[in-house]
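Here is the structure we will look at.
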Amino acid sequence: MPSTRASAAFGRQTVYADLRGVRAVADPAATNITQVILHGANHRIGEQDIYMPGFAGGYSDAEIAALSNFVVRYFGDQAGTLTAQDIAQRRKDM
């Protein structure tokens, strides 16, 4: 069994949070990733609530693009392609 530190390094604080191999993080356009970063997520799985707040109001378009690209690169082993302009457009489209 991996240590807590090793599990946390891959985003696994719960059994539902392991990001490795998830289709959303292998998308170079980071479509779903940016939605979650901007607006958060709230899911109930079984008896457990899974929640992440949105960060749209706290970070610039460039910061959201950089974070999205990092997630895609680190967890999805793909080159992220987002720019600040992409994030600005996604904010408008929502």
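No value in this document is a laboratory result; all are computed from the given coordinates. Treat the numbers as computed from the prediction; the structure is a model and nothing was measured. Positions of Cβ are backbone-derived with ideal geometry, glycine not excepted, and every protein chain shown enters the neighbour counts.
If you take the alpha carbon atoms of region 23-93 and fit the smallest convex hull around them, that volume is 87 Å³ per residue.
FRET efficiency for the Phe70 to Arg44 pair, using the beta carbon distance and R₀ = 30 Å, is estimated at 0.60. Taking a sphere under 14 Å around the Cβ of Gly54 and counting the other residues whose Cβ falls inside, with K and R at +1 and D and E at -1, yields a net charge of +1. In this simple spin-label approximation, Ala79 and Ser60 carry label points 7 Å from Cα along the Cα→Cβ vector, and these lie 2.4 nm apart.
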